[in-house]
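Working notes for the structure below.
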């Protein structure tokens, strides 16, 4: 399967691009000196596309997530949303985080309706909208439950519905299923994929999980170990809709193996770097 070698496009060449990073570099100052987290990353995501970024720990995945979401500044390069250069949070972008983010004192419907409450939407209207997205994530009937009464996967679905309720055109997700078991990850991945297809959202997923990346994505971006660079982009040419049986197919397995071959090399570099650092600290 051929990887994409010409998909690092700029907004000027594709008017359908929703999200573009152009030559983005981010450096942090530490006690050990300057660390380059991401180095000259250029990537464009087309409208309605589902793209995953995968790489070893320390490759700058979450840094890119925070840059795209407008949560950090001080980087070189540019970020564009629908052709508009941005430097902070953008109303077209919704974010789902890895950490537990439901409000324990609020019911499911009040959790989901919260962004609309902040905007001053009338109670009847925000509840009607919240119910639509609660149903979309498969939680109809749980509107009056509290987070403590739900499983981890259900709480994450509440968080996703709360992000979707203001109908962002672009959805960013940072390891949203990391705390879940493999079966729940796959089932919730199916749900997210159905929602993305229904809403025609542009979606970027940060993940460590190769199976998850192949299951959900149109393209998988493989990052190198620090400094994080785009090592390769793999086009996932599996039919949509992606039903559960595709995970057991030979084609699916070949994509997983192909991505792992690249990822193993970078993960090995990261492990060697960590061991070297540990030995250095022990010798002080």
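The values are calculated or read from the model by the stated rules, or taken from the named source; none is laboratory data. Just so it is clear, the structure is predicted and the values come from calculations on it, not from any experiment. Using ideal geometry, Cβ is built from the backbone for each residue, glycine included, and neighbour counts are taken over all protein chains shown.
Computed quantities for the displayed model
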read-out	value
Segments classed as strands (runs of 3 or more DSSP E), wholly inside the range 161-264, with at least 1 members that are surrounded by fewer than 18 Cβ atoms within 10 Å (Cβ to Cβ)	230-235
Selection within the range 51-100 - touching a residue at least 60 places away in the same chain (Cβ under 8 Å) and part of a helix (DSSP H, G or I)	61, 62, 63, 64, 65, 68
Some residue of the range 208-221 being modelled with pLDDT of 85 or more and over 14 Å from the mean Cα position of the chain (by Cα)	yes
